[in-house]
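Report on one structure; see the data block that follows.
The values are calculated or read from the model by the stated rules, or taken from the named source; none is laboratory data. Given the structure is predicted, the values throughout are model-derived calculations rather than measurements. Ideal geometry is used to build each Cβ from the backbone, glycine not excepted, and the neighbour counts take in all protein chains shown.
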Amino acid sequence: MRLRQSLQAGIRPSTTRSTVALWAKSLLNAVLFFIIFMIALPGLAHHLIPLALPIPKGLRTPVAILFFVVGVAIWLGCLDAFSRHGRGTPLPMDAPRRLVTGGPFSIVRNPIMVGELLVIWAEALHVASVGVVLYAAAISVAAHLSVVYVEEPELRQRFGEQYEDYCRKVPRWLPRRRRYRHVAR
């Protein structure tokens, strides 16, 4: 029943067995993400509203580098967790077969989105353009809404009580002091 509902929602659990193939699919996802969300859309936003923000370069560059490095590191940790433990990718048509609650997922429920948003905000800080900052703000709101209204209901449907328990113990966006204790099943 859950599988059929997931398929109707466009979510298909991965049938790929090879961890290397899962990594390759995840890296394709990363390339598409960067082309669309890091080049095309921010470029369009800057073109539409090219006003500069008065952020000192000595401040914006180190913070942007920090955000970028942390965001990419989180993202890579998530790809590893999805590939090895969830046996899937971030792509909805090749979703993890198992609920992933270890690694970065033991700190916040949406570390992939956190990593992606850190990278987008890194670019917004580096470029210091009103258009790109507005884009980053809009994509942050869109990410939150997609998690709350699309991703979480789908995960509740697919993983039931296991996901409910995970939600009670792990915050959506901001980490708590104590990490969730992942128990392998």
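Scanning segment 91-111 for residues that are assigned to a helix (DSSP H, G or I) and of a type outside the set (S, T, N, Q) turns up Pro92, Met93, Asp94, Gly103, Pro104, Phe105, Pro111.
Against the test of being at pLDDT 90 or above, over 20 Å from Arg97 (Cα atoms) and in contact with a helix residue (DSSP H, G or I) (Cβ under 7 Å, 6 or more places away or on another chain), the options Phe33, Phe37, Phe68 yield a single qualifying residue, Phe68.
Only a single item in (1) under 20 Å from Arg109 (Cα atoms); (2) touching a helix residue (DSSP H, G or I) at 6+ places or on another chain (Cβ under 8 Å); (3) part of a helix (DSSP H, G or I); (4) in contact (Cβ under 8 Å) with a residue 24 or more places away in the chain is not met by Glu164, and it is number (4). Suppose the filter is among the polar types (S, T, N, Q), closer than 19 Å to Phe33 by Cβ, more than 13 Å from the chain's Cα centre (by Cα) and in a helix (DSSP H, G or I); does Ser83 pass it? The answer is yes for Ser83. Out of segment 48-86, which residues are farther than 18 Å from Ala136 by Cβ, buried (at least 20 other Cβ atoms within 10 Å of the Cβ) and not polar (S, T, N, Q)? Once the filter is applied, which keeps residues that are farther than 18 Å from Ala136 by Cβ, buried (at least 20 other Cβ atoms within 10 Å of the Cβ) and not polar (S, T, N, Q), segment 48-86 yields Cys78, Leu79, Ala81, Phe82, Gly86.
Residues of segment 165-185 that are surrounded by fewer than 10 Cβ atoms within 10 Å (Cβ to Cβ) and at pLDDT 55 or above: Arg168, Leu174, Arg177, Arg178, Arg181.
Matching residues to (1) closer than 15 Å to Phe33 by Cβ; (2) part of a helix (DSSP H, G or I); (3) touching a Lys or Arg at 6+ places or on another chain (Cβ under 9 Å):
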| position | (1), (2), (3) |
| --- | --- |
| Val63 | no, yes, no |
| Thr89 | yes, no, yes |
| Met113 | yes, yes, no |
| Leu118 | yes, yes, no |
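In this entry, Ala45 is excluded by the filter for residues that are crowded, with 21+ Cβ neighbours inside 10 Å and under 29 Å from Tyr163 (Cα atoms). Looking at segment 17-44, which of its residues are under 23 Å from Val133 (Cβ atoms) and among the β-branched types (Val, Ile, Thr)? Within segment 17-44, Ile35, Ile36, Ile39 qualify. From the residues in segment 45-60 that are small (Gly, Ala, Ser) and in a helix (DSSP H, G or I), which one is nearest to Val130 (Cα to Cα)? Ranking the qualifying residues of segment 45-60, first place goes to Ala45.
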